[in-house]
Amino acid sequence: MTICVLIGMPGSGKSTIGRELSRILGSEFIDTDRRIESKTGRTVSNIFIEDGESAFRELERFTVLEALNQSNAVVSLGGGAILNDDIKEALKNHRVVWLETPLSDAFHRVGLNKARPLLLQNPRATLIKLLEERTPIYKSLATLTVNTADKSVKEVALEVTGLLEKEVKS
């Protein structure tokens, strides 16, 4: 079983915090978006643009389900992976950490990032819409929630580590 799975909005820090968390824990780090790019030799944006969102989501489903079978790993999911029913079902067997992030922080972090295909047009409005749609799903899937507001990457990673240790002891 994985150590934990990180979920959250684009810009919540899943990749950055995941790398720090895996460093602290001495575990493997799997960023499912980077794994898709590595396997296909293409960027997520390129797949979205050339093949469409549904083609990307199928690649994502396969990659996430494969990653969830890794042991001793911290897994970071793309922001929309939680929309897939197979992934939602698989997450029931894992410690899922929702990195809850204020909209202003997420927007500041993603800016006008061309590597985020869903945010290419009107990023602020898109983030607001995604936040409204996905927050209830993140809440329902999370076994642990960490608010990232006004915290450094290291502070968040240490908080997650503490919560995971507390959960293991109980």
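The values are calculated or read from the model by the stated rules, or taken from the named source; none is laboratory data. Please read these numbers as outputs of a predicted model, since none were measured by experiment. When we count neighbours, we look across all protein chains shown, and the Cβ atoms used for this are built from the backbone with ideal geometry, even at glycine.
Of the residues examined, GLU37 is one that is free of Cβ contacts under 8 Å to residues at least 12 places away in the same chain and outside any loop (DSSP other than H, G, I, E, B).
The set of residues from region 45-102 being among the acidic types (Asp, Glu) and more than 24 Å from LEU131 (Cβ to Cβ) comprises GLU50, ASP51, GLU58, GLU66. For region 121-135, the candidate set comprises residues that are modelled with pLDDT under 80, surrounded by 10 or more Cβ atoms within 10 Å (Cβ to Cβ) and polar (S, T, N, Q); within that set, the residue that is farthest from ASN84 (Cα to Cα) is ASN122.
Once region 1-26 is narrowed to residues that are among the β-branched types (Val, Ile, Thr) and not in a helix (DSSP H, G or I), the residue that is surrounded by the most Cβ atoms within 10 Å (Cβ to Cβ) is VAL5.
When each of LEU77, LEU103, LEU91 is tested for being buried (at least 17 other Cβ atoms within 10 Å of the Cβ), over 11 Å from the mean Cα position of the chain (by Cα) and among the aliphatic types (A, V, I, L, M), the lone residue that passes is LEU91. Of the residues examined, ALA149 is one that is touching a strand residue (DSSP E or B) at 6+ places or on another chain (Cβ under 9 Å) and loosely packed, with under 15 Cβ neighbours inside 10 Å.
Residues that are over 23 Å from HIS94 (Cα atoms) and without any contact (Cβ under 8 Å) to a residue 60 or more places away in the chain within region 128-170 comprise ILE128, LYS129, GLU132, ALA149, ASP150, LYS151, SER152, listed in sequence order.
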